[in-house]
Protein chains: 2
Amino acid sequence: MSVAIEFWFDFASPYARISAARIEGLTRGKPLTLSWRPFLIGPLLAKRPGQASPFQNAPSAQARYRRRDVERLCLDEGLPLVWPSTYPRGSLLATRVAIIGTGQGWCPVFARAVFEANFAADRDIAAEPVVSEILTRLGLPAEALIAEAGSEPVKQRLKDAVAEAERRGLFGTPSFLVGEELFWGNDRLEQAIVWATSYPRAS
Amino acid sequence: MSVAIEFWFDFASPYARISAARIEGLTRGKPLTLSWRPFLIGPLLAKRPGQASPFQNAPSAQARYRRRDVERLCLDEGLPLVWPSTYPRGSLLATRVAIIGTGQGWCPVFARAVFEANFAADRDIAAEPVVSEILTRLGLPAEALIAEAGSEPVKQRLKDAVAEAERRGLFGTPSFLVGEELFWGNDRLEQAIVWATSYPRAS
C-alpha cells in the first residue's frame with residue numbers, strides 16, 4: 001500500500017526551497033506517493049494582519065535570526081545560498097507554470113530549478129524571461145507554457161489550490177499533508193515521512 | 001576544552017518543556033557545560049504587538065496546529081501531556097525560585113518538576129502552594145525559598161535575565177546560546193549541540 005504525502009510550497013520561501021532539495025532523497029524507496037503542490041501563501045497570510053512573513057517585517061531580532069537560521073541550514077545541507085536581493089520575490093507566474101507541470105510530470109524538476117534561481121543565483125523569478133529561460137533549459141516549450149500560465153483555466157487551478165490549502169488548515173509553507181494530518185515547516189519533513197510510513201492507521 | 005551552552009526557558013512554553021526533558025540526555029558525555037537560564041518571554045513578546053504567543057491568539061488554523069504539533073512531539077518523546085487548563089500559566093514565582101536554584105545546583109531538577117506539573121499534571125504552577133509542594137518533594141526548604149523569591153535581589157536577578165535575553169537577541173523560548181550564536185526552538189536543540197561540539201572555532 002502506498003500512502004500519499006503532499007508537499008505544499010511557495011517559491012518565495014527559503015524553507016520550502018530546502019525541503020524541495022531534500023524531499024526526493026528522503027522519500028525515495030519508501031512506500032509513499034509524493035505530490036508536489038505549488039500554491040501561494042500570500043493570500044492566506046493577508047488574512048492574518050500582523051502575522052505576515054517574518055521576513056517582510058521591519059528589521060527585528062527575529063528577522064535577523066531567521067536569515068541566520070536559513071544560512072546555517074543551507075550550510076548543513078550543502079546548499080548554496082545567495083540571499084534574494086528582493087524579498088519576497090513574486091512567485092505568481094512560476095507557480096502557475098508549476099501548476100501546469102503537476103499534470104505533466106515535470107513539476108519537481110521545474111520547481112527545484114526555480115528555487116535554485118531564487119535562492120542560489122539571486123535571479124528575479126517574478127520576471128517572465130527568467131521563467132522562460134528555466135523552461136528552455138529543461139527542454140520545455142517556454143513560450144507555449146507561459147501563454148498557458150496566463151489562461152483562465154490555469155489561473156483557476158491556482159485559485160482552487162489556495163482555497164484547498166485554506167480549507168485543509170494550511171497557514172505556512174512548506175507544509176506536508178498525510179491525509180488530513182498537517183505538518184508545517186522544513187523541520188517537520190522527517191516526521192511527516194515517519195507518520196506516512198509508520199502511522200497510516202493512526203492517522 | 002568545554003564549550004558553554006545556555007538553555008533559556010520560560011515555564012509557560014510546551015516546547016521548552018520538551019527541551020527540558022531532552023537536553024540532559026543529549027548533552028551528557030559531551031565536552032559541554034550546560035547552563036539552565038530561567039527567564040520570562042512575556043516582557044519581550046509585549047514589545048511586539050500582534051506577535052504574541054500563538055497559543056494566546058484567537059482560535060486559528062495555526063493555534064490548532066500548534067497544539068497538535070506539541071501532542072505529536074510528546075508522543076514521539078514518550079512524554080505525557082495534559083494540556084494546561086489555563087494557558088499560558090503565570091510563571092513568575094516559579095521562575096524566581098528557579099533563578100535561586102541556578103546558584104545552588106538544583107535548578108534543572110526543579111525546572112523539570114515545574115514543567116511536568118504544568119504540562120503532565122495540569123497543576124497551576126502560578127500558585128504558591130503548588131510551587132511549595134514541588135520544593136518540599138525535592139527536599140528543599142520551601143518556605144524560605146518562596147520568601148527569598150519575593151526579595152528585591154531575586155526580583156532584580158530576574159529583571160537582569162530578561163534584559164540580558166533581549167540584549168542577546170532572544171525573541172522566543174526555548175532558545176539556546178553557544179557564545180552569541182542563537183538557536184531558537186526545541187527543533188534546534190540538536191543543531192545547537194552539534195554547533196557547540198563541532199564548530200567552536202567557527203562561532
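Throughout, read-outs are computed from the coordinates displayed, never taken from laboratory work. Keep in mind the model is a prediction, meaning the values are calculated, not measured. Counting neighbours? That spans all protein chains shown, and the Cβs are built from the backbone with ideal geometry, glycine included.
Sites listed here are trypsin sites (Lys or Arg not before Pro) in the stretch A:127-203 whose DSSP assignment is loop and whose Cβ has at most 13 other Cβ atoms within 10 Å: A:ARG201.
Per residue, the convex hull spanned by the Cα atoms of the stretch B:91-144 amounts to 67 cubic angstrom. Going by a ≥ b ≥ c, the root eigenvalues of the Cα gyration tensor, does the protein assembly as shown fall in the rounded group (a/c under 1.5), the prolate group (a/b larger than b/c) or the oblate group? Taking the square roots of the gyration eigenvalues as a ≥ b ≥ c, the protein assembly as shown is prolate.
In deg cm²/dmol, rounded to 500, what helix-only [θ] at 222 nm does chain A give when every DSSP H run of at least 4 residues adds -39500 (n - 2.57) and the total is split over its residues? Intermediate values should be presented prior to the final figure.
Working: 9 runs with 103 residues, N = 203.
Calculated at 222 nm, the ellipticity per residue is -15500 deg cm²/dmol.
Report the net charge of residues surrounding A:ALA120, where surrounding means a beta-carbon distance below 11 angstrom and charges are Lys +1, Arg +1, Asp -1, Glu -1. If you can, show how the numbers build up before the last one.
Values: positive: A:ARG17, A:ARG112, A:ARG123; negative: A:GLU116, A:ASP122.
Local net charge: +1.
Classify the stretch A:112-183 as rounded, prolate or oblate, taking a ≥ b ≥ c as the square roots of the eigenvalues of its Cα gyration tensor: rounded when a/c is under 1.5, otherwise prolate if a/b is larger than b/c and oblate if not. Since a/c reaches 1.5 but b/c is at least a/b, the shape of the stretch A:112-183 is classed as oblate. Just so you know, the averaged projected area of the alpha carbon convex hull for the stretch A:52-162 sits at 7.7 nm².
With both bridge residues required to lie in the stretch A:3-198, what share of the DSSP beta bridges run antiparallel, to the nearest 5%?
Numbers: 7 of 14 bridges.
Of those bridges, close to 50 percent are antiparallel.
Note on the stretch A:136-154 and the stretch B:98-150: Cα centroid distance 64 Å, given to the nearest whole angstrom.
Once you list every other residue whose beta carbon is under 15 Å from the beta carbon of B:GLU190, what net charge do they have if Lys and Arg are +1 and Asp and Glu are -1?
Values: positive: A:ARG72, A:ARG188, B:ARG22, B:ARG28, B:LYS30, B:ARG188; negative: A:ASP69, A:ASP76, A:GLU77, A:ASP187, A:GLU190, B:GLU24, B:ASP76, B:GLU77, B:GLU181, B:ASP187.
Residues close to B:GLU190 contribute a combined charge of -4.
Remark: label point of A:GLY139 defined 7 Å out from Cα along the Cα-Cβ vector; separations to the same position in other copies 7.3 nm, ascending.
Can you give the Kirkwood hydrodynamic radius for chain A, in Å, rounded to one decimal and based on Cα pairs? Numbers along the way, then the final one.
On the way: mean 1/r = 0.0575 Å⁻¹.
Here the Kirkwood hydrodynamic radius works out to 17.4 Å.
Sorted from shortest to longest, the distances between the B:THR33 label points of this copy and the other copies are 5.7 nm, with each point 7 Å from Cα along the line through the beta carbon. Sorted from closest to farthest, the other copies place their A:GLY103 label points 7.1 nm away, with each point set 7 Å from Cα along Cα→Cβ. Legend: mean number of C-beta atoms from other chains within 10 angstrom of residue C-beta atoms, peptide A:105-114, equals 0.
Could you please tell me the mean projected area of the C-alpha convex hull for the stretch B:1-114, averaged over all directions and given in square nanometres to one decimal?
On the way: hull surface 33.7 nm².
The Cα convex hull of the stretch B:1-114, projected and averaged over all directions, gives 8.4 nm².
For Cα pairs less than 8 Å apart in space and 6+ apart in sequence, what is the mean separation divided by the residue count of chain B, i.e. the relative contact order in percent?
Numbers: 284 pairs, mean separation 64.9, N = 203.
Once normalised by length, the contact order is 32 percent.
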